[in-house]
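**Q** The following block contains the structure, expressed as structure tokens.
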Amino acid sequence: MTKSEILITLQGWFLEKTGQEADPTSRYLETTGIDSFAVIGLIAFIEETFSIRFQAEDFQKEEFFTLNGLAHLIAEAADG
């Protein structure tokens with residue numbers, strides 16, 4: 001799956017959960033109003049949908065906090 005396809009999938013999740021589109025370059029925690037429980041749901045969705053597992057250090061990376069960054073992390077994990 002390409003980064004663009006991953007991004008579209010992530011944006012679809014945000015639209016379904018929040019009723020609004022998420023800017024791929026903005027920090028989604030600050031712009032979408034999702035809470036920590038929703039983040040856990042997002043992580044579960046990503047791991048199940050893309051058959052990856054995040055490592056503890058992934059949650060500390062700046063990339064984790066934007067949709068573009070998440071798409072990059074997912075693509076890397078899927079390739080690796």
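**Q** When the Karplus curve 6.51 cos²θ - 1.76 cosθ + 1.60 is applied with θ = phi - 60°, which whole-Hz ³J(HN,Hα) does each residue of the range 22-33 get, with x for Gly and Pro?
**A** 9, 5, x, 9, 8, 6, 4, 5, 8, 9, 9, x
**Q** A follow-up question, please. Keeping all protein chains in place, calculate the accessible area per residue for the chain (probe 1.4 angstrom), answer in Å².
**A** 61
**Q** Mind ranking 51-60, 17-26, 70-79, 4-13 by how tightly packed they are, going by the mean number of other C-beta atoms within 10 angstrom, highest first?
**A** 70-79, 4-13, 17-26, 51-60
**Q** Quick check: at a probe of 1.4 Å, how many percent of the accessible area of the chain sits on carbon and sulfur atoms?
**A** Within the chain, the accessible surface is 51 percent carbon and sulfur.
**Q** Mean residue ellipticity at 222 nm from the helices of the chain, using -39,500 (n - 2.57) per DSSP H segment of n ≥ 4 over the full residue count, to the nearest 500 deg cm²/dmol?
**A** -18500 deg cm²/dmol
**Q** For Gln55 paired with Glu30, estimate the spin-label separation in nm (one decimal), with each label point 7 Å from Cα along the Cα-to-Cβ line.
**A** For the pair Gln55/Glu30, the computed spacing is 2.7 nm.
**Q** Magnitude of the Cβ-charge dipole of the chain, K/R +1 and D/E -1, about the Cα centre, nearest 20 debye?
**A** So the dipole magnitude of the chain works out to roughly 60 debye.
**Q** Binned at 10 Å from 0, what are the whole-percent values of the Cα-Cα distance distribution for the range 5-80, short to long?
**A** Final binned percentages: 19, 61, 19, 0.
The values are calculated or read from the model by the stated rules, or taken from the named source; none is laboratory data. Everything quoted here is computed from the prediction, not taken from an experiment. Quick reminder, even Gly has a Cβ in these numbers, built from the backbone with ideal geometry, and neighbours come from all protein chains shown. Side chains included, ligands, DNA and RNA excluded: accessible areas come from the protein's heavy atoms. Shrake-Rupley method; radii C 1.70, N 1.55, O 1.52, S 1.80 Å.
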